[in-house]
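Scroll down for the structure; my scribbles are underneath it.
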Amino acid sequence: MRTLSGSGPTGMGGMLSLVELTWLRLVRPLLGFSPGRLRATLAAAGVEWIEDPSNRDAGALRPRLRLLRHDLDGIGTATGALLAAATVAARCRAERATAAAAELAEDVVVRPEGFAVLSGRPVPTDVLAALLQALSGAAYPPSSRSVTALAAAPRPATLAGVRLLPAGRLGWGLLVVREAAAMASPVAVQPNAIWDGRFRLRGSGSVPAEAMLGGLGEDAAHFRRLSPLPSAVLRTLPAIRLGSTIHAVPHLDFPDASTCEQLSMLFSPLRAAAPPSFPFGDA
């Protein structure tokens, strides 16, 4: 399926055996075992199981490819070759993830306000893609094709809901910040509310139930005196509103530090810029 879709080296590593999600850690320790062996083990133990009926739906691509292999138990030579290739690709993927983390540590400063400063030097494509994914709050990184040229020569641009612009007083290099126009709509204020795939509200304090959490947007102009951050960053900060009135901007300690401490707004993107990538079957 990955080959047919033109997947790159990362995709050819197949399914991850460990994935960190917002609310849980998803572990797949049985990826390295064939379906036939799993069924035999359960049968020997007298344990019943449920077969997913979609696995035999020839109208869908995945089961259709499985049926064409004539190896439902997953023990054939061709299946073994596919698994071996995926294992090698997954190990390479894990090595690239480790290298990407090192590159990020060298060339990028990520701030708790949800933005980053990039050195401005050329970076690997997957490193920039991971950074754009984290700062946009997206579930998936942008395609390598769209990022390659920008990674080779970082410059002011807008891509995948993220802006790159001169860092100015924040230092030498490029400011990498969420595109204000691409931010998500406001959400209701409640403990652990997630807004824009980037920020998580740990507590709601004494905020009224009708309050909403969204981007500061154009109201950023009223808060410039409270922060040295550029307007491009201020507009993307999470703010709590009661109707059209700003109730709190936690990252700016508005209206006061005590109130904002109770709210505890965390930069918590759906995917970290350098997530762990464990090889197939090695969880």
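Coordinate-derived values only; no laboratory data. Everything numeric here is computed off the predicted structure, so don't read it as measured data. Positions of Cβ are backbone-derived with ideal geometry, glycine not excepted, and every protein chain shown enters the neighbour counts.
Any chance you could list the semi-axes, whole Å, largest first, of the equivalent ellipsoid that the Cα gyration tensor gives for region 204-278, using √(5λ)?
Largest first, region 204-278 gives 23, 17, 12 Å.
Taking only the C-alpha atoms, wrap a convex hull around region 33-190 and report its volume per residue in Å³ as a whole number.
Per residue, the Cα convex hull of region 33-190 comes to 221 Å³.
Let me see the pair-distance distribution of region 11-97: every alpha carbon pair, 10 Å bin width, integer percents in order.
Each 10 Å bin holds this share of Cα pairs: 14, 37, 38, 11, 0.
Quick check on the chain: helices-only [θ] at 222 nm, where DSSP H runs of length 4 and up contribute -39,500 (n - 2.57) each and the sum goes over total residues. Nearest 500, please.
It comes out at -9000 deg cm²/dmol, rounded to the nearest 500.
Hydropathy first: keep DSSP H helices in the chain averaging at least 0.0 on Kyte-Doolittle, then drop any whose Cα extent along the axis falls short of 30 Å, and list what survives.
Answer set is 77-107.
Run the numbers for ALA139 and LEU21: contour at 0.36 nm per residue of separation, minus the present Cα-Cα distance, in nm.
Full-extension gain reported as 41.5 nm.
Ranking request for peptides 54-66, 146-158, 86-98: highest mean number of other beta-carbon atoms within 10 Å first, then the rest in descending order.
Details: 54-66: 12.2, 146-158: 14.2, 86-98: 17.5.
Top to bottom by mean Cβ count within 10 Å: 86-98, 146-158, 54-66.
Cα convex hull of region 104-180: how many Å³ per residue?
Numbers: hull volume 6.4 nm³, N = 77.
Value for region 104-180: 83 Å³ per residue.
Please report how far the C-alpha centroid of region 13-50 lies from that of region 201-254, rounded to the nearest whole angstrom.
For region 13-50 versus region 201-254, the Cα centre distance is 44 Å.
Determine the equivalent ellipsoid of region 134-283 by diagonalising the alpha-carbon gyration tensor, then write out the semi-axes as square roots of 5 times the eigenvalues, largest first, rounded to whole Å.
Working through the eigenvalues yields semi-axes of 29, 21, 13 Å.
Work out Dmax and Rg for the chain from the C-alpha atoms and quote the Rg first, both in angstrom.
When restricted to the Cα atoms of the chain, Rg and Dmax are 23.0, 71 Å.
Rounded to the nearest 20 Debye, what is the dipole magnitude of the chain about its Cα centre when Lys and Arg each give +1 and Asp and Glu each give -1 at the C-beta?
Computed about the Cα centre, the dipole is about 560 debye.
For region 1-60, divide the Cα radius of gyration by the Kirkwood radius and give the resulting Rg/Rh value with two decimals. Don't skip to the end; give the middle numbers.
Working: Rg = 15.3 Å, Rh = 14.6 Å.
On the Cα set of region 1-60, Rg over Rh gives 1.05.
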